[in-house]
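> Quick one: this structure, given as structure tokens, is what I'll be asking you about.
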Amino acid sequence: MIAKKLIPLILLTVLTQLTAQAQIDWGWSWTDSAVVANKRMPQRAEFLANEYPYPPKPRSMWEIGISLGNSRIIGDVTNFKFGYAVGVNARKALSNIISVRGGLIYSQTTGLNPILSTNAPTDGFLTSTTPYRAITGYDRYAAYNPANLNSAQRAFAANYVNKSYTGTLDVIVSTNTVSHYRGNPKWDIYLFAGYAFVAADVTTRISTDAAGAIPFNFSNLNYNGKKAEVQSAINEALNAGNAVATKAPIRNRRRDLGTGDMIMTHAFSFGAGFSYKLNEKMSVGFENRFINTLNGDMDALHTGRNDYFNVATAHFRISLGNRSRKVQPLYWLNPNNYVYRELNEPRHMKMAKPVLNDADKDGVTDQFDLEPNTPLGAPVDTHGVSKDTDGDGVPDYKDKELLTPQQCFPVNADGVGSCPEPACCKELRTLITNKAPEPVASTECTIGNLLSLPFRGNARLTKEAQQLLAEAAVTIKANPACKIKVIGYGSASKSSQQLSWERVNAVVKFLVEQQGISESRLLFVYAQDGDAAMVDLQGTTEEGPNTVPAPHPNLKSKN
């Protein structure tokens with residue numbers, strides 16, 4: 001039960017995702033070279049190099065369609081029963097608006113006049129001077145003698161059966177492909193016109209007696225009822241058992257292209273239609289077509305007027321082609337997609353580097369600077385105007401009294417107020433002027449030999465040695481101009497050099513870590529000629545190394 005309730009929610013989610021994807025999908029990308037034909041590659045190269053503003057037209061798919069619907073003839077004889085038409089066609093886009101289409105339509109149409117014809121106006125079945133051209137020479141026609149004075153025996157119910165094959169070649173104009181307010185269209189609303197070629201097999205029914213001498217008397221029928229009832233009555237009479245109903249072929253007056261019983265003629269076709277896009281491959285729709293046959297014999301009764309086919313069909317169409325190498329038919333793609341995508345998210349446009357001049361170098365660009373000639377270094381506000389903190393009318397870079405009280409306004413040219421100077425300020429200025437200069441700290445070092453520290457066989461500091469170093473640290477701190485040489489002795493051998501280094505390192509480490517003497521003030525000197533058991537501390541202003549790597553770490557002593 002719960003699963004059934006979730007189904008609509010799942011379908012809605014999927015539909016939402018598909019709709020979102022459809023809105024994002026522009027149909028194709030100018031970066032995809034696979035959909036560009038080789039002959040258009042030079043244009044693509046120029047476009048990518050920003051030498052030509054227009055991207056090349058991509059290859060597009062063919063659209064194949066089938067149609068089914070109603071066919072009728074607009075002529076001199078009323079349509080009878082339902083006429084049908086089926087067709088196939090192939091359409092190719094030349095641009096986003098113009099496309100061409102070729103097709104073949106088969107239609108079968110019937111007609112039957114609900115009125116009795118006893119006198120044809122022009123070149124009709126009953127013309128007395130020239131027999132009806134469509135069936136001249138047909139043996140049973142003799143029963144309908146145009147010269148017969150008996151109108152009842154000359155009367156005829158005009159009727160036909162038309163079976164036609166029509167080839168079409170249309171130029172189609174899509175009216176809603178281009179839009180400035182949406183992406184690709186879901187509807188293709190189009191107009192079309194073009195050439196057609198019609199091959200028609202037209203027959204009419206004649207009723208006579210068995211010998212073909214006496215025509216059926218159509219005047220005995222009731223022609224005052226409803227049209228459908230009259231047509232049915234005439235149709236039954238034509239098929240009556242007591243008469244011989246024969247299909248007589250209609251032959252054109254041989255101004256057409258055919259031979260024998262087929263009427264073949266050039267024609268002009270036009271119409272309109274719409275398609276709805278189901279997905280990237282399929283669409284359905286409706287179309288209404290008119291075909292001017294340039295011929296008056298399509299309804300088996302020639303009165304001097306051309307007969308028209310009217311074909312109204314529903315259609316189903318599918319696009320054919322490799323999607324990796326061809327885009328969908330161009331009339332399903334809005335050509336403005338590229339333009340608006342570039343405006344929204346530039347990927348190809350050659351964007352000019354913005355130039356933001358600041359002539360007075362006050363930090364506010366010239367187009368926003370209301371004071372473009374501010375002196376260099378003068379403080380300004382966000383509009384590039386020199387600041388006037390106390391509002392006295394003198395900009396801060398000229399103001400010698402930045403915070404002049406308002407009661408001291410107006411001020412002079414230097415921004416100094418008109419209030420008298422308080423007595424306390426005068427006394428302070430006098431004291432500052434007459435104040436004796438502070439003594440300058442001495443840069444000479446007055447420490448000589450500060451300490452000679454004895455060691456006993458190793459580099460370990462005894463308590464006595466630490467006490468001596470602590471006292472020496474007081475003197476070092478009191479003489480900041482002095483640097484201290486920490487000198488170790490013993491250069492006779494590698495082991496004595498290593499031991500000398502370890503003793504000097506122990507003294508330096510103690511003074512830095514335990515007494516807070518800056519390491520930069522201690523000069524590291526070892527392996528000198530002298531008493532190997534001693535380390536001397538001497539004051540100096542010389543420069544030297546503060547740290548030195550152990551000379552022979554492999555000979556490190558065990559403390």
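> Do you know the relative contact order of region 449-555, to the nearest whole percent, from alpha carbon pairs under 8 angstrom that are 6+ apart?
Contact order relative to length: 40 percent.
> Taking amide H positions as placed in the peptide plane 1.01 Å from N, state which residues far from S179 in sequence (5 or more) or on other chains have amide H under 5 Å from it.
N336
> Further, regarding this structure: Under 5 Å between amide hydrogens, which residues at least 5 positions from L451 or on another chain qualify, with H placed 1.01 Å from N in the peptide plane?
L537
> PRE reach from S33 (point 7 Å along Cα→Cβ): which of region 325-365 fall under 18 Å by backbone N?
Flagged as within label range: 325-327, 348.
> Further question on the same structure: Can you list which of the GluC sites (Glu not before Pro) found in region 465-559 are DSSP loop residues with at most 16 other C-beta atoms within 10 Å?
The qualifying sites are E542, E543.
> Next up: Could you pull out every residue, at least 5 positions away or on a different chain, whose amide H is within less than 5 Å of the one on V525? Hs are placed 1.01 Å off N in the peptide plane, and Pro or chain starts have none.
V486, G488
> Placing +1 at every Lys and Arg Cβ and -1 at every Asp and Glu Cβ, with all other atoms neutral, what dipole size does region 469-558 have around its Cα centre, in debye to the nearest 20?
240
> Right, next: In a shell of Cβ-Cβ distance under 14 Å around I73, excluding I73 itself, what net charge do Lys and Arg (+1) and Asp and Glu (-1) give?
Charge balance in the 14 Å sphere: 0.
> What full-extension length gain, to one decimal in nm, is calculated for N288 and F274 as 0.36 nm per residue of separation minus the Cα-Cα distance?
Stretched out fully, the N288 to F274 stretch lengthens by 4.1 nm.
> Kindly state, to the nearest 0.05, the FRET efficiency for T541 paired with T389, given R0 = 60 Å and r defined as their beta-carbon distance.
0.80
> Moving on to the next point. State the extension gain, in nm to one decimal, for the chain segment bounded by C424 and L370, taking 0.36 nm per residue of separation less the distance between their alpha-carbons.
Length gained between C424 and L370: 15.2 nm.
> Simple spin-label model, 7 Å along Cα-to-Cβ: S520 to S324 in nm?
6.8
> Just to check I understand the Karplus step: with θ = phi - 60° and J = 6.51 cos²θ - 1.76 cosθ + 1.60, what whole-Hz values come out for region 389-405, glycine and proline as x?
Per-residue couplings from phi come out as 4, 8, x, 8, x, 10, x, 4, 5, 10, 6, 8, 9, 5, 10, 6, x Hz.
> Right, something else. With θ set to phi - 60° and the Karplus curve 6.51 cos²θ - 1.76 cosθ + 1.60, what are the ³J(HN,Hα) couplings of region 52-59 in order, to the nearest whole Hz, using x for Gly and Pro?
So the J values, rounded to whole Hz, are 9, x, 10, x, x, 6, x, 5.
> Oh, and also: For H552 and N50 in the same chain, what is the full-extension length gain: residue separation times 0.36 nm, less their Cα-Cα distance, in nm?
173.7 nm
> A follow-up question, please. Return the sequence-ordered ³J(HN,Hα) values of region 170-183 in whole Hz as given by the Karplus equation 6.51 cos²θ - 1.76 cosθ + 1.60 applied to θ = phi - 60°, using x for Gly and Pro.
10, 9, 10, 10, 7, 8, 10, 5, 7, 8, 9, 10, 7, x
> Further question on the same structure: Roughly what would the spin-label model give for I98 and Y84, points 7 Å off Cα along C-beta, in nm?
Those two pseudo-labels are separated by 3.8 nm.
> Counting every Cα pair in region 449-555, what percent are over 24 Å apart?
16
Taken together, the values in this text are just the output of simple stated rules run on the coordinates, not laboratory data. Note that the structure is a prediction, hence the values are computed from the model and not measured. Quick reminder, even Gly has a Cβ in these numbers, built from the backbone with ideal geometry, and neighbours come from all protein chains shown.
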